[in-house]
Every structure is written in C-alpha cells, then in structure tokens.
Amino acid sequence: MQFEIESVASSGFGMILDRASAMNHSGIFFLVFSAVLPACTYSSINPDAALADIRANNGYDELRDVEPGTARLILRASGSGYPAHFSVSTSPQACQNFALLGNVAYAGRGIVYPWIANAVQRGRRTEPYLVHEAKPGEPIQVRGHGSWADGTGSGYRSGHCGPVTAKFVPQDGHAYTVDFVWGNKPACSLSVMDATDPDAPVSISVEAIEGCPAPLR
C-alpha cells in the first residue's frame, strides 16, 4: 500500500489560473481525447515504444542510477493533467525555508502518442518529472501544491489543492518517488515510495506536516 497524505481542493473564480490559460489547456486536452477515443491507446498499438516513452518521462532511469553517499527524489504528478508545484526544505522547523523546484503534470504517456503528450507538456508549461538530490540522513520536507481549472464562459471554475507536505529521512544510496496524486472533487494527495528498485517500489513511513503555506506565485 502506498503511504498517502490527502487534501481537498478549494475553488473560486480566476483564483489560480487565468481564464485564457485554462481555455487553452482545455483545447489541448480536447485534442488529446479526440485523438485517443476513436482509436486504440498507444500502448496497444506499439507496447514497446509506449513503455520506453513512459520510462523516459517518469524518472525511471534516474531511479536506477544513484551513487553511494547520495539520495535522489523523483517528483511527479498523476491522476489528472492538472499541474502540481513542488518545493522542498531541510529546515528543522516545519514549513520553513522552502526552495522552489518547479511544476510537473501528467500528460498521458503510454496512452496517447508521444507528440500529443509533448504538446500537453508545452501547453501546461510543465515538466514530466523533477529530480532533486537530497542529503542522506537529513530530514526533508516535500511540499506539493496543485492548481486546476474547468469549464468555459459562465461555467468556468478554478482553484487549488493543498499544500500537502510530507517529511521523511532519505537513506544513503536510495531513490524515492514523490507523486502528487489528483483524485475526484478534485482532491489530492502525496504518495511516497522507496523506488531504489524501480520495478518493485515499496511504501515508506512519512510524517504529515499540517498547515504549510502555499508557495508564492
């Protein structure tokens, strides 16, 4: 079982994403689903190429190559194409001194053709994943914060989910995945796994940190 820290999204009008940006994103996803629905998924058409595309864009290779004396975090998003923002802190105080890492989003790798997934990433201005080199034995706080938008015209809504923050101690020579998982409502959670063996990741114990502020935009 994956260890998850959950949060429920809040909503508002124009609170996180501007209207034009959201409509552009909606157009991109309409293109994605229009291309996928009438046909088989990319993994059904070319399973080997689809697997290679997934691994090239989810940090799989970086998980397998961790030097002794280091620890590595791969930060990703899943469950929806909405973007998520990651930041980290090694402060002994909770919710202090976060360093911004960047934005990630799920783009349907393995389901849609790679060129479509690439277009989604460019439209969202996100990366498929982020890599952070952590110091073994030093507690680290990982904060995830998501933004979403839906609808057009008078039905347009936007909001955010989180922050959700987890604290754990990376071990020497280990690699970890931290997934910002979008759910329904929309809700969100952080899923933290030891993926030193990326083909057999295992859950780890983490501490949920409550009350961390959202990153400044």
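Conditions tested, residue by residue: (1) among the aliphatic types (A, V, I, L, M); (2) under 24 Å from SER203 (Cβ atoms).
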| position | (1), (2) |
| --- | --- |
| THR70 | no, yes |
| GLY81 | no, no |
| SER89 | no, yes |
| LEU100 | yes, no |
| SER154 | no, no |
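Is it the case that GLY123 is of a type in the set (Gly, Ala, Ser), under 17 Å from GLY102 (Cα atoms), open to solvent by less than 50 Å² (accessible area, probe 1.4 Å) and at pLDDT below 95? Quick ask: steps written out before the conclusion?
Values: of a type in the set (Gly, Ala, Ser): yes; under 17 Å from GLY102 (Cα atoms): yes; open to solvent by less than 50 Å² (accessible area, probe 1.4 Å): yes; at pLDDT below 95: yes.
Judged against the criteria, GLY123 is a match.
Got a number for residues in the range 192-205 being in a strand (DSSP E or B) and either surrounded by 22 or more Cβ atoms within 10 Å (Cβ to Cβ) or out of contact with any Ser or Thr (no Cβ under 8 Å at 6 or more places or on another chain) (or both)? Summing the residues that are in a strand (DSSP E or B) and either surrounded by 22 or more Cβ atoms within 10 Å (Cβ to Cβ) or out of contact with any Ser or Thr (no Cβ under 8 Å at 6 or more places or on another chain) (or both) in the range 192-205 gives 3. Per this entry, ARG72 is counted among residues that are among the basic types (Lys, Arg), surrounded by 21 or more Cβ atoms within 10 Å (Cβ to Cβ) and at pLDDT 95 or above.
If I ask for residues that are part of a loop (DSSP other than H, G, I, E, B) and at pLDDT 90 or above, which ones from the range 58-69 would you list? Give the steps one after another, and end with the answer.
Initially, the range 58-69 is screened for residues part of a loop (DSSP other than H, G, I, E, B), giving 58-59, 64-69.
ASN58, GLY59, VAL66, GLU67, PRO68, GLY69, listed by residue number.
In the list ALA187, ALA208, ALA175, ALA214, which residue meets the criterion of being within 18 Å of TYR60 (Cβ to Cβ) and open to solvent by less than 60 Å² (accessible area, probe 1.4 Å)? If you could, list the steps in order and put the result at the bottom.
On the way: ALA187 fails: within 18 Å of TYR60 (Cβ to Cβ); ALA208 fails: within 18 Å of TYR60 (Cβ to Cβ); ALA214 fails: within 18 Å of TYR60 (Cβ to Cβ).
On inspection, the qualifying residue turns out to be ALA175.
To keep it simple, each residue is scored yes or no on (1) among the aliphatic types (A, V, I, L, M); (2) over 30 Å from GLY173 (Cβ atoms).
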{"position": "TYR60", "(1), (2)": "no, no"}
{"position": "ARG76", "(1), (2)": "no, no"}
{"position": "ASN97", "(1), (2)": "no, no"}
{"position": "GLY108", "(1), (2)": "no, yes"}
{"position": "ALA119", "(1), (2)": "yes, yes"}
{"position": "HIS132", "(1), (2)": "no, no"}
{"position": "PRO139", "(1), (2)": "no, no"}
{"position": "GLY151", "(1), (2)": "no, yes"}
{"position": "GLY155", "(1), (2)": "no, yes"}
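The values are calculated or read from the model by the stated rules, or taken from the named source; none is laboratory data. Please read these numbers as outputs of a predicted model, since none were measured by experiment. In this analysis, Cβ positions are derived from the backbone assuming ideal geometry, glycine residues included, and neighbour counts consider all displayed protein chains. Just the protein is used for accessible areas: all its heavy atoms, side chains included, with ligands, DNA and RNA removed. Shrake-Rupley method; radii C 1.70, N 1.55, O 1.52, S 1.80 Å.
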